[in-house]
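A.B. asks: The following block contains the structure, expressed as structure tokens.
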């Protein structure tokens, strides 16, 4: 499976109020392993960044004035994400902004027509109901290093989210798939010499007092369940 972990930074919170995408960061996963391929662009929004947004990501108007516009990178972005499953934290926000950018260009395609979308915020709320499920909170919960995240950044956050997503859903895929055996260059005799010697495992049997206590517990369970204790049926 090909997955793209995606994040954006914007000039403000609402695309319906004319706010624009100013940074896009994507990290590619193939069979749950990072491939090293990324997509990263800063974008000129042709409008001012709100002070509140600037405080979050620190991307200034002067810096953005020298960057390409969304129309200049749209084809490259769509080619990079086409056919993948997008992994996004609070997907409604990012997908809404990207769709708004596509609409401004007169493009008929929308993100969900090109990709499926997995929202890690919705997933985290299912897994950890009633708890904080921000990206920073998930980093703490799953011991993911976010020490470089003084300010938000689309590519940095996509990389962090990739680690969080893999931790949330069971880690990377089997690292032995498609790999050569670890001892492929080791002779049979060397492999035999490295084998662990047999170990005698001691057996500790229950005492009479422990057996009597166990029987008393089973008797109480029998009484409470109407003699339907499953333990006694095996």
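Taken together, the values in this text are just the output of simple stated rules run on the coordinates, not laboratory data. Bear in mind that the values here come from a model prediction, so they are computed numbers and not experimental data. Reconstructed Cβ throughout: ideal geometry from the backbone, glycine too, with neighbour counts over all protein chains shown.
A.B. asks: So how compact is the stretch 2-168: Cα radius of gyration and Dmax in angstrom?
C.D. replies: 15.3, 43
A.B. asks: Which percent, nearest 5, of DSSP beta bridges in the stretch 2-168 are antiparallel?
C.D. replies: The antiparallel fraction comes to roughly 70 percent.
A.B. asks: If packing is taken as the average number of other Cβ atoms within 10 Å across a peptide's residues, how do 205-211, 117-123 rank, most packed first?
C.D. replies: Output ranking for 205-211, 117-123: 117-123, 205-211.
A.B. asks: Given the alpha-carbon gyration tensor of the stretch 73-133, what are the semi-axes of its equivalent ellipsoid in whole angstrom, ordered largest first, with each equal to the square root of 5 times an eigenvalue?
C.D. replies: Values for the stretch 73-133, descending: 26, 12, 8 Å.
A.B. asks: Would you mind putting 124-130, 135-141 in packing order, based on average other-beta-carbon counts within 10 Å, highest first?
C.D. replies: Highest mean packing first, the order is 135-141, 124-130.
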